[in-house]
1. Given H placed 1.01 Å from N in the peptide plane, which residues other than close sequence neighbours of GLY626 have an amide H under 5 Å from its amide H?
2. For the stretch 212-346, report the % of Cα-Cα distances exceeding 24 Å.
3. Report the relative contact order of the stretch 595-672, percent, no decimals, based on alpha-carbon pairs under 8 angstrom and at least 6 residues apart.
4. Would you mind computing Rg(Cα) / (2.2 N^0.38 Å) for the stretch 595-672, counting N as its residues?
5. For PHE361 and PHE93 in one chain, what is 0.36 nm times their gap in residues minus the Cα-Cα distance, to one decimal in nm?
6. Quick one: P(r) of the stretch 455-560 from all Cα-Cα pairs, 5 Å bins, percents rounded to integers, in order of increasing distance.
7. Can you give the net charge of the other residues whose Cβ lies under 15 Å from the Cβ of SER208, counting K and R as +1 and D and E as -1?
8. Using the per-residue mean of other Cβ atoms lying within 10 Å as a proxy for protection, in what order, highest first, do the peptides 138-147, 572-581 fall?
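None of the figures in this text is laboratory data; all of them are computed from the coordinates on show. Small disclaimer: the values here were computed from a predicted structure and weren't measured. Glycine also receives a Cβ, built like all others from the backbone with ideal geometry; neighbour counts cover every protein chain displayed.
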Amino acid sequence: MRDGFPGGCESVTVRFMGGDRSLRPEVVYDDEELPARRLTGRIGLAVSVVAFAVAVLVLWQVFRPLARGSQYYLIIFLAGTLPLVFLAYKSGFSRGRAASARPTVLDWILAVVALIVCLYPLNPFDGGYDAFLNRQGLLDPVDVVFGAIMLVLVVEACRRTTGWALPVVCLAFLAYAYYGGLLPQSWPIAHAGLDFAQIVDALYNSGSGFYGTPLDVAATYIVLFTIYGAVLDLSGASRFFVDLSVAAFRRSRSAAGRTAVAAGFLLGTVSGSGTATAVSVGAVTWPMLRRAGYPAEQAGGMLAAAGVGAILSPPTLGAAAFIVAEYLDVSYLTVLGWAMIPTVLYYLGILLAVEIDVRRFRVRSLRTPPVSSLRLLGRFGYHFSSLVLIVVLLALGESATRAVVYATLVAFLLSFLDRRSWLTPRRVFEALSAGVRGVLPVVAVCAAAGIITATTTKTGLGAQLASLLVRGAQAVFSDPTAVLAMTVVLAAVALALLGLAVPVTASFIIGWVIIGPALLALGVPAPAAAMFVFYYSVLSEVTPPTALAAVGASAITGGRTIATMWQALKYALPAFLAPIAFVLTPAGSYLLARGSFTEVAWATAVAMLAVAALAVASGGWVLGIGPAGTGPRVLAALAGLLLLYLEPPTIAAGAALLAAAVLWSALDRRRSTPPPEPTPAPPAPVLSEPTPAPPAPVLSEPTPASVAPASEPAPASEPATAPASTPIPSSPSSSATTPGAAPAPIPSTPPSSSTPDERG
């Protein structure tokens, strides 16, 4: 491991697109430290062919849906993707590189069994798909066996792709479903109990288990966006986005930090993954950040926060955003509209933190190739066309699935404008298969999340836990406003803790079925409650002590992991507090663009002021003034919290506190700056004032005979000039002196190159 990065990170040469100016970062990953295999040869080709076939099925489903319904399609989709998980992801039990480079015999067995149990509901020898549906609630023993095997395979696939945390949570929900009937019936979470056949029936033969909304979203929306991202990447868009970020800020002292943030935002439209974006951006921008003077932990925190912004930024939000649209039965464009202002607030906070760090760490400006951003836009700006097309088509009422397919087609056609990025048939095959392989972890997570949703649906656990949460807040406070505030704080803590263990998509699903009902019961609008849960689920990627995005960024920079996590938390601080504003007051919905133009405008302006106050509190610096001490930082933190509670009295109090913090910092700066010491006026130059003529040398005038010494008679015929051997002092201005004037005295020390005022 070199520079803290698995497998080492080779030197990154930053050149620009066009001619020999291409950005080609060389990053070598150590396969032993990544969960996915790099399959080559016949096995790799076989996996790619199956993935390509699944991609074709997904595209076919958009325009010619299968006649048997959505669940029929999901069965076939899961049969094509679940076996690939066992071939593409290591079990983690084998040792050494050679033992895990290729699928083992056990992996092949699991893949074949997964294919059989997934296709079992379509078994034509037992009545087919219709007969299987007719047995819902009364499964045959063979159905129960196949369903149990399916349950084990889904949990194992989830473990291979995400680790142990989510499988353990799933097993806990299964244990609750089976043993919950043994709990004292006076307990709020007790239920009548479910036997094993009922549990398998809920998971294997219903619309709320394996084939529920999470998997439906993965197979309908997410896979299409991963395919679109793969096509956009191969068409040269990722390279263009980084080049444009470098060129746009090359003349600024904060160019390196701004470039990292802008590249994270633009690359997020391609990947949609916080950790992947942080690693990709870091591989390119970390050398720039290091040369500019950023400490490793500071740079890693910035990269992690910028990467997580990829999940929060339109037009390609994270996978959970599609689940939001499905749960609330709204269009994806509506969810994009809700995310616009929070995205602006998030990146405003990061950019303010970048500007503060530039001054705190005395970051240096860098020399970059003199390439104009306008030139890059003119040559490669067409890469934005497909992104714009998605929004336009959604605004015209097109479905999200068709919009992203049309955008993918546009990106394919535009690739032929650059000879290096032509999407030949072979590269199209690679893009489609890579898009399906990229969605495999999401498929495993969404299938496992079906265990949680089915359990909460069958047992009523979600409503019971929501009721407990509200009653706990009511036990502390009686005022409705205080009860809501306490519930929101408890919900935020619960979501943060939940996100430490499970991925973003699963975190949102669990949070929505448990915390969503509690917020809705207190009168919070459904969009505000859903976006609150969504943002706290996403921010788990920068929440210590797991913070996957920060872990990936620290691997790039070589910084300490825990310190990088805390720096990422500092950069993302506004994103942790802004969602609370969604649900605390009715005006919080204005931050989701739900209101008139005037209402949305003033709420956004106040929220931006709150973000600026929080930046002062976390960064310890007031832009335009200087460092902020402990007192001003505390005032700024209180100001930020008050401003986010969007009510007139708190807004006025917050503005006053922020003004006091700024004034305090200005007075501290003025007192800490020593007054300039009085210095004597510098001596005027020789030629600036007239000099009295000195007495002429003795030899330059004839001496009268009456005064001449008797021993040295002066002959009257001697000329009145100095002898040739008399030394004449030289000075820089000697050529400008008047004849007969005395030369200026030579100073004992050389004069300073600047005046005292210039040095101060």
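1. none
2. Within the stretch 212-346, distances greater than 24 Å cover 33 percent of Cα pairs.
3. Values: 93 pairs, mean separation 23.6, N = 78.
With pairs under 8 Å counted, the relative contact order is 30 percent.
4. Its radius of gyration relative to the 2.2 N^0.38 Å reference: 1.13.
5. Working: separation 268, 0.36 × 268 = 96.48 nm, distance 4.49 nm.
Working it through step by step, the gained length comes to 92.0 nm.
6. 2, 13, 20, 20, 17, 12, 7, 4, 4, 1, 0
7. Details: positive: LYS458; negative: ASP201, ASP216, GLU326.
Within the 15 Å Cβ shell, the charges total -2.
8. Details: 138-147: 15.7, 572-581: 23.6.
Highest mean packing first, the order is 572-581, 138-147.
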